[in-house]
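Worksheet for the structure shown next.
Every number here is computed from the coordinates shown, using simple stated rules; none is lab data. Model, not experiment: these values are computed from the prediction. Here Cβ is always computed from backbone atoms with ideal geometry, including for glycine, and neighbour counts include all displayed protein chains.
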């Protein structure tokens, strides 16, 4: 039975993403035939992301997390395997079609140009330009402005609309980038380290906004994070990566285990239940073997 037929018969809709035997490497990595194995950034990955869930991607540095996000947004193309986006083969979709369904919030962004906050958020409307043309002056329509204003309201940056982006704090810039992503009106929100380089208050602020937006819009969220506790407390499922492969993928209760984390990160950790949520919480043991501080300052 086809996917369309199975959906109409009342079964679950197509996953947001279906990843099948996905392998990827940057061309410059492989310098000789002997690099055929070691040069892979992603190797043989298979998993699916359900519609409407929040998925966290964790793993040590160099495990391929950011490269995976770029593959899921077609910023780079795999050498092997396939990705299906809501049942459609991603390789057959135009970048514009993908941009109307998937918004990507990068970890780092250059602020070399003096854009205002409103200008930056309006850039999220680029996939919806008429006739494939984006006029540099007066290009936006009233409905584009309305969408941008709504995105700024959702991320609490309306009062910053006329400020220059390079004058904002790190936390304010993160909220503006999130507003730009929401202005795309995506079905999927992809976030690469959304709380990196933020103090505790701004981390909580970004997470609060993400949870609120997810609850209101029921969009699928995929976020990469080095903060294991953030992923445990805010994600429905967690994909654990090491050396470009999936180690495990499941609920926080299923994957946040001392044995799994020791295998992936190469160090011993302690796992207990968060006193408010009951979800797994990770901390580092002290030299005498007793629990000390959480792995991250997030929770």
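Worth pointing out:
- FRET efficiency, 1/(1 + (r/R0)^6) with R0 35 Å, evaluated for residue 158 and residue 236 via beta carbons: 0.75
- At 1.306 mPa s and 10 °C, Stokes D of the range 162-268 from Kirkwood alpha-carbon radius, µm² per second: 104
- Virtual spin-label span in nm between residue 79 and residue 218, 7 Å along Cα→Cβ: 4.2
- When each of the peptides 63-72, 100-109 is scored by how many other beta carbons lie within 10 Å of its residues on average, the order from highest to lowest is 63-72, 100-109.
- Label positions at residue 143 and residue 248, each projected 7 Å from the Cα along the C-beta direction, are separated by 4.7 nm.
- Distance from the Cα centroid of the range 70-122 to that of the range 135-200 is 16 Å (rounded to whole angstrom).
- Tail weight of P(r) past 17 Å, computed on alpha-carbon pairs of the range 66-114, percent: 39
- The range 153-206: proportion of alpha-carbon pairs further apart than 17 angstrom, %: 37
- Projected area, mean over directions - the range 39-83, Cα convex hull, nm²: 3.7
- FRET efficiency estimate (nearest 0.05) - Cβ-Cβ, residue 108 to residue 27, R0 25 angstrom: 0.65
- FRET efficiency, residue 92 to residue 274 (Cβ-Cβ, R0 45 Å, nearest 0.05): 0.55
- Intensity falloff of the range 72-206 expressed as log10 I(q)/I(0), Debye formula with alpha-carbon point scatterers, at q = 0.14, 0.15, 0.19 Å⁻¹: -0.68, -0.78, -1.14
- Three-way shape call for the range 186-246 based on the alpha-carbon gyration tensor, with the a/c threshold at 1.5: oblate
- At q = 0.23, 0.24, 0.31, 0.33 Å⁻¹, base-10 log of I(q)/I(0) for the range 176-221 (Debye sum, equal scatterers on each alpha carbon): -0.85, -0.91, -1.30, -1.36
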